[in-house]
Amino acid sequence: MNIKLALVPGDGIGPEVVTQAVRILDKIGQIYNHHFEYTTVLAGGAAIDATGECLPKETIAVCKSSDAVLLGAVGGWKWDVLPGDKRPERALLGLRKELGLFANIRPAILFEELEDACPLKKELIEGGLDLVVVRELTGGIYFGEKGFKQTEMGLAAYDVEQYAEEEVRRIAVAAFDISMKRSKKLCSVDKANVLESSRLWRRVVSEVAKNYPEVTLENMYIDNAAMQLVRNPKQFDVIVTSNIFGDILSDEASMITGSIGMLPSASLSQGNFGMYEPIHGSAPDIAGQDKANPMATILSTAMMLKYTFGLVNEAESVERAVKAILAKGYRTPDIMSSGMKPVGTKETGDLILIEIT
Ligand code: NAD
């Protein structure tokens, strides 16, 4: 296969972790006979410094003409003084909108080898955890009408939560499709006891469910879901929810796995196109020190191989290699525990490369 990838390393540790991920992809290419062609483009603070804007037109054009995008992270202290609409993080919203990335897929996997990093009681997580949050990414309150108005209580600010049937339908279809490849159990999270937009959400999800008779659908209110996730996380397999609820639930789900440096994500559009990135940020506190854990980005390439290119064996090879070095006791500082062997960013890449078969 010939694969055209846009690389958006971004800021802070972004370039360091993307470099390691590219080495892994090249090794996969050698073994499984694929050719990866990369075009590196700017976004975030690096783009502001070079061009004055966080998401240059060229970056959008290159991403659109590629088969998939691999992103590191954007942002950093240097640009924190800029006003909201000029900050590096705006590049993410821009990319999501421009590329039509409406489905954000965030697996929350607790690797057995890292059980000590989980803040929950041992009996709740015995045998590890493996769930996926499917978050709607281009609609809802983050993109709805917003503004200010004068009221009897003084100045008021408002942000509108709005969902159209088609927006709900396409994210529901994505979630049911993922459920079909897993344990066929889907939990749709909303606030249908209070919100009109949630009642529409629930109705549309139930309609889509009719096309997936093998999948067991459960509906849950967001407040209960937030509680159940720490009370009994194993009850969940795939969770589908709106933009704002998904933002919060996916962070909660990743926290219970204990390490932000381990978790990949995919943002998908219609068809197979996707943008893949670690869930962590640019970690300015450790940038340039060879301390960043590159596993989340490397596991993001595994998601890319699977979701965009259907290369399941190749994806599993990457996942196996990551697990193998964890099993051998190698740890970057973020997941270090006593008795384990400390390694840096590059050495982690070296070790994973050896395990790729
Ligand atoms: P962060 O994820 O960058 O860092 C939080 C903590 O986790 C830090 O202590 C950091 O050192 C550690 N950490 C993160 N990734 C790690 C890794 N791979 N290996 C080891 N340790 C790791 O979150 P933050 O500090 O809130 O944000 C820093 C900057 O990143 C901000 O400018 C923020 O806006 C931006 N950000 C970007 C994205 C993105 O690009 N998708 C996401 C979140 C935050």
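The values are calculated or read from the model by the stated rules, or taken from the named source; none is laboratory data. The model shown is predicted, which means the values in this text are computed figures rather than measured ones. Heads up, the Cβs are rebuilt from the backbone with ideal geometry, glycines too, and the neighbour counts pull from every protein chain shown. Protein only, heavy atoms only, side chains kept; ligands, DNA and RNA dropped before computing areas. Shrake-Rupley method; radii C 1.70, N 1.55, O 1.52, S 1.80 Å.
Here's the picture: charge each Lys and Arg Cβ at +1 and each Asp and Glu Cβ at -1 in the chain, and of Val134, Tyr38, Asn313 the one pushed furthest to the positive end of that dipole is Asn313.
Given Cα pairs under 8 Å that are at least 6 residues apart, what percent is the relative contact order of the chain? Intermediate results must be reported in sequence, preceding the final value.
Numbers: 748 pairs, mean separation 75.9, N = 357.
It comes to 21 percent, rounded to a whole number.
What size of dipole, in debye to the nearest 20, comes out for the chain about its Cα centre when the only charges are +1 on Lys and Arg C-beta atoms and -1 on Asp and Glu C-beta atoms?
On the way: 38 positive and 48 negative charges, 83 e Å.
Charge dipole of the chain: 400 debye, to the nearest 20.
Averaged over residues, the count of other Cβ atoms within 10 Å places the peptides 295-302, 33-40 in the sequence 295-302, 33-40, highest first.
Just to confirm a number: summing +1 for Lys and Arg and -1 for Asp and Glu over residues other than Glu37 whose beta-carbon lies under 10 angstrom from that of Glu37, what do you get?
On the way: positive: Lys4; negative: Asp67.
Local net charge: 0.
Considering only beta bridges that DSSP places wholly inside the chain, some 45 percent are antiparallel.
Reported to two decimal places, what Rg/Rh ratio describes region 272-347 when computed on Cα atoms with Rh from the Kirkwood expression? Walk me through the numbers on the way to the answer.
Working: Rg = 13.8 Å, Rh = 13.6 Å.
Taking Rh as the inverse mean 1/r over Cα pairs, Rg/Rh reads 1.02.
About the Cα centre of region 79-144, what is the dipole size in debye to 20, counting +1 per Lys and Arg Cβ and -1 per Asp and Glu Cβ, all else neutral?
Details: 9 positive and 12 negative charges, 116 e Å.
That gives a dipole near 560 debye.
Which percent of the accessible heavy-atom area of the chain goes to carbon and sulfur, probe 1.4 angstrom? Walk me through the numbers on the way to the answer.
Details: 8360 of 15740 Å².
That fraction is 53 percent.
In this structure Asp285 has an accessible area near 100 Å², from a 1.4 Å probe over the protein heavy atoms. If you take the Cα centroid of region 200-252 and the Cα centroid of region 22-47, the two points sit 34 Å apart.
For region 273-330, give the magnitude of the charge dipole about the Cα centre (Cβ charges: +1 Lys/Arg, -1 Asp/Glu; no others), in debye to the nearest 20. Intermediate values should be presented prior to the final figure.
Values: 5 positive and 6 negative charges, 38 e Å.
Magnitude of the dipole: close to 180 debye.
For Lys27, the accessible area of its heavy atoms, probed at 1.4 Å with every protein chain present, is near 50 square angstrom.
Comparing Cys187, Thr151, Ala164 along the charge dipole axis of region 150-198, the residue lying farthest to the positive side is Cys187, per the Cβ-charge model. Once the gyration tensor of the Cα atoms in the chain is diagonalised, the equivalent ellipsoid follows with semi-axes of 31, 26, 21 Å, ordered largest first. Distance from the alpha carbon centroid of region 139-165 to that of region 266-329 works out to 36 angstrom. Using heavy atoms of the protein chains and a probe of 1.4 Å, the accessible area assigned to Val230 is about 60 Å².
With the cut-off at 1.5 for a/c, could you classify region 115-230 from its C-alpha gyration tensor as rounded, prolate or oblate? Kindly include the intermediate steps, with their values, before the conclusion.
Values: a/c = 2.57, a/b = 1.42, b/c = 1.81.
Judged from the Cα gyration tensor, region 115-230 comes out oblate (a/c at least 1.5, b/c at or above a/b).
Computed per residue of the chain from DSSP H runs no shorter than four, each worth -39500 (n - 2.57), the mean residue ellipticity at 222 nm is -12500 deg cm²/dmol. Convex hull volume of the C-alpha atoms in region 30-118, normalised per residue: 178 Å³.
Per residue, how much accessible surface does the chain expose to a 1.4 Å probe? Answer in Å², no decimals.
On the way: 15740 Å² over 357 residues.
In whole numbers, the chain has 44 Å² accessible per residue.
If you wrap the Cα atoms of region 1-64 in a convex hull and average its projected area over all directions, you get 4.3 nm². Karplus-based coupling profile of region 319-328, in residue order and whole Hz: 5, 4, 5, 5, 4, 5, 6, 5, 4, 7, with θ = phi - 60° in 6.51 cos²θ - 1.76 cosθ + 1.60 and x standing for Gly or Pro.
Take every Cα-Cα pair in region 158-198 and report what % of them are more than 14 Å apart.
Working: 475 of 820 pairs.
Counting pairs separated by more than 14 Å, the tail of P(r) holds 58 percent.
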